[in-house]
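The values are calculated or read from the model by the stated rules, or taken from the named source; none is laboratory data. Note that the coordinates shown come from a computational prediction; the quantities given were computed from them, not determined experimentally. Virtual Cβ from ideal backbone geometry, glycine too; neighbours counted across all protein chains shown.
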Amino acid sequence: MSKKWAGYTVVFSLGMSLLAPVGHSRAADVSVRVTLPDFAVNLNGHTVENQYRKYPILVYHDITYFPMTWYDTRLLGLEANWSPSEGLNIKQNRVTSSYMPYKSERRNAAAYVAEVPASVVTINGKKIDNSKEEYPLLSFRDVTYFPLTWGFAHNEFGWDYQWDDTKGLSITSHNPQVQTVGLPAYAGENDVALFKGYYYFVETTGTTNHVYWVPVQQPSLKQEIFSYDIGSFDLQHTPLSFQIRDNTLWFTYHLGGGFMGHDEFVKIGVDGKAEPLNSGYFGYMDFRDTLYGTLIVKLGLAALARDNLLLLPPGQDVTKPKSVGDPGVIYGAHVINNGDVENVGVNALSTAVIGDDVYLLSTHNKSDANKIYKINLKTNKSDKIVNSNVSWFRVIDNKVYYVKDEDNTLYSSILDGTGEMKLSDHAVSWFDSIDGNVLYTTKKDTNRFELYQVDPNDDDPLVWTTPISSVQVLNDRLVCRFGENDDYGVVLLDGSGHLLLKVADPIARVLTSDEGILLKSARDSSVTFIR
């Protein structure tokens, strides 16, 4: 079995036999007859298909038994762990999972033989002698089975427990649920967004990308809002991606090759109308809304030509923007000097607009590169804020946070550049702020990072003990994604790093959403939602 082992009985029974004192044999496991139920069983709204399930629901002494597989337990908000010193420990925790059907090609028989392990089990901190229980835990197909008695299901775990002569048995837990989004199967092949009650997704037919929106409550009512051709560029294009800027949904894509292609940004109005920002005139680019119009930062080769910071006033022809700042300066990108070659990053992570002022990286020449400047859009006056070489920065809560090239650690200052403080104990790969706390990652190995919280008065504490694949702040939660070999796919934390929820499903990507958490499964590219 993998890390997400189906159940706990094999290791549990072996461990108990190894722990038995020399000269004393533990009580032998007892065989009992179990049957498949002749009634329907529903777990959190999912009807269990017992006939072809590898780990079916069972009945023993007229009590329904639940298989404690990895996903079944987390579906109902339980974690089960085994250790040589403590044995099997079952407890409620902040966990969840989508429903796993555990389909089998072989039809189950009507009755089987299961085992009653003669062992001690801890349930929510209470030790239970399984050999003395009227309805003991069972072992079937190397999986522990748990009795759904009123005492356990209702009193210990707080589940709603209902019986209906027609509908059968229904168990409902109160942990957050992973909800399947009713979008077409192809939606997860590209990007998906949830914004103001609508899902947005893409379908590629031939050489055309079609962008749709559908109401959350009626996902079958799709309506096309935009389309564009990718065929003339020999399929050298990047997948479309959604992003939320200043409470407005945008999508962007790049057409053409790395040198001759161009970016497209499209704004989606509240009525679903798609409005392109431009028609590729600026090549690689980034932009910010300002009080004076759209600030455009040309990137890539266009940045090397200088005069790459432009302002497009409302209603102005896109081919006639105003130049901003010094035309001889490279703005908005991190410049690397490699001999006589300047490599300019195309991802402008370091441009912020505060009132009349824009803060951005500025490179005047090779000896004066990657400084933070402030440019007043009203007067075009420039002021140097940070004189150190900076990799990237962000303006958060009227402070400038930046990572220096010289040591890759995090610093902060007030908006005029004074009061500089070194914040991080380690090199920084990512940083952000939530609930007044500054968090950052440092690289552990090729694809994993360690997550820390800045502590100005002591060593920076490790927020989560397991290295993560990626992290972001989304809808007032810290969303940590893990690798395919880790126990959990995503962990949600609050601003202090306290656990809110662990999601058992393998997750390929955290998607754009203005509420809850929208996820793309690594198992089948399906899209799910957690409120």
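Listing for the model above:
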{"quantity": "Residue within the stretch 435-448 that is of a type in the set (Asp, Glu) and surrounded by 16 or more Cβ atoms within 10 Å (Cβ to Cβ) present", "calculated": "no"}
{"quantity": "Meets criteria (farther than 23 Å from THR180 by Cβ and buried (at least 19 other Cβ atoms within 10 Å of the Cβ)) for LEU478", "calculated": "yes"}
{"quantity": "When residues of the stretch 82-108 are limited to those that are among the aliphatic types (A, V, I, L, M) and without any contact (Cβ under 8 Å) to a residue 60 or more places away in the chain, the one surrounded by the most Cβ atoms within 10 Å (Cβ to Cβ)", "calculated": "ILE90"}
{"quantity": "Candidate set from the stretch 360-398 (those that are free of Cβ contacts under 8 Å to residues at least 24 places away in the same chain, part of a strand (DSSP E or B) and out of contact with any strand residue (DSSP E or B) (no Cβ under 6 Å at 6 or more places or on another chain)); member that is farthest from ASN437 (Cα to Cα)", "calculated": "ASN365"}
{"quantity": "Checklist (1) part of a loop (DSSP other than H, G, I, E, B); (2) out of contact with any Lys or Arg (no Cβ under 6 Å at 6 or more places or on another chain) applied to TYR488, failing item", "calculated": "(2)"}
{"quantity": "The stretch 197-221: number of residues that are at pLDDT 90 or above and either surrounded by 14 or more Cβ atoms within 10 Å (Cβ to Cβ) or hydrophobic (A, V, I, L, M, F, W, C) (or both)", "calculated": "15"}
{"quantity": "Of all residues in the stretch 244-270 being over 24 Å from VAL192 (Cβ atoms), part of a loop (DSSP other than H, G, I, E, B) and of a type outside the set (Gly, Ala, Ser), the one that is modelled with the highest pLDDT", "calculated": "MET260"}
